[in-house]
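Let me begin by presenting the structure, written as structure tokens, before commenting on it.
A short reminder: the numbers here are calculations on the coordinates, not readings from a lab. Values in this document were obtained by computation on a predicted structure and should not be read as measured data. Note that we place each Cβ from the backbone using ideal geometry, even for glycine, and neighbour counts take in every protein chain shown.
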Amino acid sequence: MRILDVCTGSGCIAVLMHYLLRQHNDSNGVEVLGVDSSARAIRLARENLSKYLKDYNLSRKTVKDIRFIQGDLFEEITVSNSSTNEKNVTAWTFDTGYKCDVIVSNPPYISTRDLYRTTSRSVRMFEPRSALVPKFLNDNTMLEQIFDSTEADLFYGPLCEMAKKRCANLVLFEIGDISQASRVAKLTKSYLGEDWNVEIWRDHPDMIDQTTIDETMTFSQGYRAKITGLGNARGVFAWQKASLKTYPE
């Protein structure tokens, strides 16, 4: 199984997914690739990977199972299979022929307007602005038109396009609230098509009660997305209706 973590940041999601799958499966068959446009983030992710290897006494082989590379979601850049110098975070290139089974992403999803209205001071002080507010090519307006999205939702259209290009069977995107979840669920269904199911996940998607079990959101053309779990809306989850297939060689 190949998992692609876009906007990996500190690498915590990539490392956690490897750890959890390692508990339930033979992790020899799991590859996780974390991608971020920030060289600083990639250095931090690699430091966290080293700590993970040390804390759990894992072999250096795990380095091949979890990799971090610098790359931009909005650029078609060319994963190389050659070894890379750990000090040179730009040495890896993201091969456009790379295929994966799963794409996860916690992208920037806060608008410039909401940055000072909905985020805490600690977040604004210690999180890089680029990890919070989408900003590309110095022209968000152009991208909003291309992907038919508001500023806060700019990443999700390209992420869906990537899912199609990389032959992914399952995607999970973090979002900020139920309003954004509605927009992103609709966008995801529109991009990925009728062969995909879409759900909105709350903080605890595996926990349900009588007040949430039948909750749904209806979009155009009669499509309904199930809202599952307890807590605040936190993610949009989508998967192909057909049995999960293996990515092409």
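For the peptides 34-42, 174-182, the ranking by packing is 34-42, 174-182, with the highest mean count of neighbouring Cβ atoms within 10 Å listed first. Spacing of the modelled spin labels on Arg40 and Lys241, each 7 Å from Cα toward Cβ, amounts to 4.6 nm. Under a 5 Å amide H cut-off, with hydrogens placed 1.01 Å from N, Ala168 pairs with Cys100 among residues at least 5 apart or on other chains. Modelled spin-label separation between Asp195 and Lys164, with each label point placed 7 Å from Cα along the Cα-to-Cβ direction: 1.1 nm.
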